[in-house]
Amino acid sequence: MTTSSKQDFLSIAAAGSALAPIKFGLGGVPFGNEFEVVSDDDAYKTLEAAWNAGVRYYDVAPWYGLGLAERRYGNFLHNKSRDGYVLSSKVGKLLKASPRNNTKSNFPFSPSPNNVVFDYTADGVQRSIEDSLQRMGVSRLDIAFVHDISSDGWGEGHFARSGARGEQSRRAAARR
C-alpha cells in the first residue's frame with residue numbers, strides 16, 4: 001500500500017471523530033519482541049510517550065509476537081476513549097495454542113504458546129477480527145488490513161474466491 005493510499009484510509013477512519021487529520025502513527029512490530037526482548041514496562045512507557053506526543057494512530061497485528069503486541073496495545077488503549085484514536089490490525093493469520101508450537105522459528109524473543117494458521121476465508125477474517133478485539137479488550141477496529149497476501153503465496157484471486165470481501169461487506173451492511 002502506498003503512503004498516500006494509507007493516508008486516505010486514515011483520513012476516512014478519523015473522519016467520524018473529533019480527531020485531527022492523522023499524519024503519523026505507531027507500529028506494533030517491536031511490541032511483539034520481533035527484534036529483541038522488550039519488557040512490559042518499556043512497552044508501556046513507549047506507548048505512554050507516544051500518546052503524550054500526540055500519536056493517535058496505532059497499528060498492530062496478531063502476527064507481531066503472535067498476540068503479544070496486541071495484548072500490550074490493548075492493556076494501554078482499553079482505558080482511553082475509543083473515539084480518541086484510530087486502530088488498525090491485520091487479518092489472514094489466526095493464532096492457535098499448541099503445546100508443540102514453532103514460535104521460536106518466527107519470533108525467537110516471543111514467549112507465545114501459539115502457532116499461526118493462514119485463513120483468508122470470510123469466516124477466518126471474521127474470527128481474526130473478533131480474536132484481535134478480544135486480545136486488545138477494545139470495542140472495534142477502524143481499519144482491518146489483509147496481512148501478507150500475495151500471488152506467490154495464495155494466488156491472485158484467492159481472497160476474492162474465498163468470498164471474504166463480499167461476506168464482510170454484507171455483514172457490515174447488516175450492522176448499520
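Of all residues in segment 99-154 being closer than 30 Å to SER39 by Cβ and among the β-branched types (Val, Ile, Thr), which is modelled with the lowest pLDDT?
Of everything passing the filter in segment 99-154, THR103 is modelled with the lowest pLDDT.
Residues of segment 28-45 being surrounded by 14 or more Cβ atoms within 10 Å (Cβ to Cβ) and in a loop (DSSP other than H, G, I, E, B), which ones?
Passing the criteria: GLY28, ASN33, GLU34, VAL38.
On the given criteria, is GLY67 closer than 21 Å to ASP148 by Cα, surrounded by fewer than 19 Cβ atoms within 10 Å (Cβ to Cβ) and under 17 Å from the mean Cα position of the chain (by Cα)?
no
Looking at segment 68-97 only, could you name the residues that are in contact with a Leu (Cβ under 8 Å, 6 or more places away or on another chain), without any contact (Cβ under 8 Å) to a residue 40 or more places away in the chain and of a type outside the set (A, V, I, L, M)?
Passing the criteria: only PHE76.
Residue under question is PHE118, and the condition is that it be touching a residue at least 12 places away in the same chain (Cβ under 8 Å), over 16 Å from ILE149 (Cα atoms) and of a type in the set (Phe, Trp, Tyr); does it hold?
In short, no.
Could you tell me which numbered condition GLY54 fails, if it satisfies all but one of (1) touching a residue at least 12 places away in the same chain (Cβ under 8 Å); (2) of a type outside the set (S, T, N, Q); (3) farther than 27 Å from THR103 by Cα?
Going through the list (1) touching a residue at least 12 places away in the same chain (Cβ under 8 Å); (2) of a type outside the set (S, T, N, Q); (3) farther than 27 Å from THR103 by Cα, GLY54 breaks only (1).
The values are calculated or read from the model by the stated rules, or taken from the named source; none is laboratory data. Owing to the predicted nature of the structure, the values given are computational and were not obtained by experimental measurement. When we count neighbours, we look across all protein chains shown, and the Cβ atoms used for this are built from the backbone with ideal geometry, even at glycine.
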